[in-house]
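Below are the structure tokens for one structure; questions will follow.
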Amino acid sequence: MSNEKETLIQSTDETTRGDVESISGKGDASGTNDPSKHSDVHQSSRKYYDIEKSPASMEEVHNWQRQHIKTHDQGKEGYPLNVIVDPAMREMYQHVHEQGLTNVFDRFEQQEKIRCNFCVQGLSCQLCANGPCRINAKVPRGNCGVDADVMVARNFVYRHVTIGTSANIFHAQQAARTLKAAAESPESGLKIRDKEKLLKYAEMAGLNSHEDVNKVAVSFANWVLEDMGRPYWEESSMTKAFAPPKRQELWRKLNLFPGGGFSEIALAQTKCMTNLNADAVDFLLTSVRLGVANEYQGLFALDILQEILMGTEKIRTAKQNMGLLNKEKVNIITNGHMPLTAHVVIELASTPEWQEKARKAGATGLQILGHVCEGQQLLNYEDTGKMSAYAGQEGEWLSEEYLLATGAVDLFMFDYNCTIPTLPLYAKRFGTTMVSTHEVIRMPGTEVVEFKPAEMRKQAEKILVMAIEAYSKRKAENREVYIPPQVSDCMIGFSTESVKAALGGTWKPLIDAIVAGKIRGIATIVGCTTARYGQGGSNIFRITKGLIEKDILVLSGGCTSSVMQYTGLADPKAADEAGPGLKEVCKLLGIPPVLSYGACVDIGKMTQTAKEIADTLDVDTNMLPIVIGAPEYLEQKAVADACTAIALGWLVHVAPVPSVTGSELVVKTLTETTETLGLGKLTVETSADKTVQIYVDHIEKKRKELGI
């Protein structure tokens, strides 16, 4: 850090507080995430392993999990152990809690005591200097004159949909940038691994697919980047090339057909400015328009690009959870959503040269484990699965602090999204080296290896050197390590292509099973997990169990995939827990009743699967017996993804209750009116049992409309 930057930080720290006590409110460092100010707390914390252990046998774990969710004891009493169903997280929560360390579940309880009901309903605004303003029955307008309908709808767009859409398109932009570098800089360490996919989509884009493959890659990457940057008044080329034609007609009719993604975000953000747009319904339709851009210039685009670079998914078996950590190995965790650098790190670490370097440092080897959605993507890509250094998936985002608390993580590399702000504190306490691999994210007291696609091999080498050095330090200090032993078996690698291939290259067997009623319909259980009462993974588990028992096939994506894995629902053995029809299909194909499509960003592949099924049936996507569920949605991308599903005509279930209840107009528009326009609609339900019935009823309604 430069002297100028240090001076600026010090000056700001001294001059902005005035007579305010401190950011922690107690005059100590407990309220800051700067690890340098936590030396006393984090050096003196005691180890505590006298905890209630989960069963080591996964059969016992799964039996316990199934009994646990029957008790309906997931309120405040016994929280959070009454909602945590991950056996490793149950152990590590106790370990962290007993040390008095800040952690995600304890912070939820603290925040629950001071939570603002105005914010919960979407009835607070901080956009201008006359605020913050809050609305209730006695004060029905903000200072500028805004009413509850506009305030809630504007917050929905501004605080959720624009950020979520921006994040997904940004991710796709980075993937396009990386594909271009792979073609132009062979020494970068990147490869074009799925040439057939590149040529297929280049043709769909109207490009010359008969040139040298590197030229095609550059042209396709430029085509993607150009489309993202086009103005909002020019129709998106990616949407025209990839979206269902029947949907495109409807979107044009409703003025929902997007232009360039970044321009669409700018248009929506401009509408949100103080004293500008005051039409609540227009705000909500803007959200749906952003949902279209979110899919075709975000999710679907990045899926194509990353599969070209890392290999399309292939169905196989894998392993998941903290028991994959190995005290005697150099353990690297790669975390986030953009597995571009990580892919090169894994390939390099798989070479005999780097394994020997790890052995010279005293380790038995070097392994990389994925975490959150980055790990789910790496777990699913065909070529990553062939690399010996990739050891499997760790868990969902709720487990991050607990994962570092094992003391076994030597290096934690992180990029875009889902690296929580307290991790530098854990890294200092438990001896982990943290490394940012993208300029979009910075953490105090951590290393940086800047994202430069043309130099990824060099970047990977730097990361591996730091990891081996961190292991050497751990070994020299003989630091205590505790690794929960649980490891789940799971089947992964499901995608549009791999599922279709497993069905013999045609959707007919799946459609026949649906027509015969053996599979009543499909539910996607996607998105995040939350720390809320009644959630923590348990809500996802209970809903999924209820659905498969009703012969509904489930597709998972995001942190929900980890829940399916550590509860055994992604194991082919779980076919025995399905209804008779779904069980028969699963047994015949040797698959589980939950098909893991991977990460939250892989929702883009789910929509492509639905599109192909709809095309085979010659119907619009809104006719399919499908429900989209995000039973523990967390952040802005999930809301943008919900808008994508509404644009495609599907019922979207979310829990917890989103911050829109302060406006009857907004609630009615999202839950009723959009469906009358040929779009989908939102439904909100927190009870797992009622949620299952909502899904069943909607699927049966769609079956009736299809005449089956």
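For region 215-356, count the residues as N, evaluate 2.2 N^0.38 Å, and divide the Cα radius of gyration by that value, please.
For region 215-356, the normalised Cα radius of gyration is 1.44.
Still on this model: Of C373, I468, L403, whose Cα points farthest to the positive end of the dipole of region 322-477 (charges on the beta-carbon: +1 Lys, Arg; -1 Asp, Glu; origin at the Cα centre)?
It is I468.
Let me ask something additional. Which of V288, H337, G260 sits closest to the plus end of the dipole of region 225-337, meaning its Cα is farthest towards the positive end, when Lys and Arg get +1 and Asp and Glu get -1 on the C-beta?
Of the candidates, H337 comes out farthest on the positive side.
If I take every Cα pair under 8 Å that is 6 or more residues apart in region 272-403, average their sequence separation and divide by the length, what percent do I get for the relative contact order?
Computed value for region 272-403: 28 percent relative contact order.
Applying a 10 Å radius around every beta-carbon, put 387-397, 554-564 in order of their mean neighbour count, most first.
Ranking the peptides 387-397, 554-564 by packing returns 554-564, 387-397.
Sticking with this one: Rounded if a/c is under 1.5, else prolate if a/b beats b/c, else oblate: with a ≥ b ≥ c from the C-alpha gyration tensor eigenvalues square-rooted, which is region 280-393?
Note, shape of region 280-393 comes out prolate.
Would you mind calculating the relative contact order of the chain from Cα pairs under 8 angstrom and at least 6 residues apart, reporting the percent as a whole number?
16
Moving on to the next point. Among K215/K605; K360/K462; K329/K386; K76/K550, which pairs are too far apart, with a Cα-Cα distance over 24 Å?
Over 24 Å apart, Cα to Cα: K215/K605; K76/K550.
Right, next: Just round it to a whole percent: the fraction of Cα-Cα distances in region 118-265 exceeding 20 Å. Don't skip to the answer; put the middle values down first.
Numbers: 6765 of 10878 pairs.
Roughly 62 percent, rounded to a whole number.
Along the charge dipole of region 148-310, which of M238, V161, L299 sits closest to the positive end, that is, farthest toward it, with unit charges on the beta carbon of Lys, Arg, Asp and Glu (+1, +1, -1, -1)?
V161
Then there's this: Using each residue's phi in region 113-124, evaluate 6.51 cos²θ - 1.76 cosθ + 1.60 at θ = phi - 60° and report the 3J(HN,Hα) Karplus result to the nearest Hz, with x for Gly and Pro.
Coupling constants for region 113-124: 6, 10, 5, 8, 5, 4, 5, 4, 8, x, 9, 9 Hz.
Karplus couplings for region 446-460 from phi (6.51 cos²θ - 1.76 cosθ + 1.60, θ = phi - 60°), rounded to Hz, Gly and Pro as x?
After applying 6.51 cos²θ - 1.76 cosθ + 1.60, I find 10, 7, 10, 10, 5, 6, 9, x, 6, 10, 5, 5, 5, 5, 4 Hz.
When DSSP assigns beta bridges and you keep just the ones with both residues in the chain, what percent turn out antiparallel, to the nearest 5?
Antiparallel bridges make up about 20 percent of those DSSP assigns within the chain.
Explain nothing, just the number: dipole magnitude of region 361-421 about its Cα centre with +1 on each Lys and Arg Cβ and -1 on each Asp and Glu Cβ, in debye rounded to the nearest 20.
Values: 1 positive and 9 negative charges, 36 e Å.
For this selection, approximately 180 debye.
Still on this model: Please report the relative contact order for region 322-477, taking Cα pairs under 8 Å with a sequence separation of at least 6, and give it as a percent rounded to a whole number. Could you put the intermediate results ahead of the total?
Values: 305 pairs, mean separation 43.7, N = 156.
It rounds to 28 percent for region 322-477.
A further question on this structure: Placing +1 at every Lys and Arg Cβ and -1 at every Asp and Glu Cβ, with all other atoms neutral, what dipole size does the chain have around its Cα centre, in debye to the nearest 20?
Values: 76 positive and 88 negative charges, 101 e Å.
Charge dipole, the chain, about its Cα centre: 480 debye, nearest 20.
Of K508/K573; K197/K240; K253/K681, which sit over 21 Å apart, Cα to Cα? Could you put the intermediate results ahead of the total?
Numbers: K508/K573 25 Å; K197/K240 18 Å; K253/K681 18 Å.
Table pairs above 21 Å Cα-Cα are K508/K573.
To the nearest 20 Debye, how big is the dipole of region 162-228 about its Cα centre, given +1 on the beta carbon of each Lys and Arg and -1 on that of each Asp and Glu?
200
Rule-based calculations on the coordinates, nothing more; no lab input. This is a predicted model, so every value here is computed, not measured. When we count neighbours, we look across all protein chains shown, and the Cβ atoms used for this are built from the backbone with ideal geometry, even at glycine.
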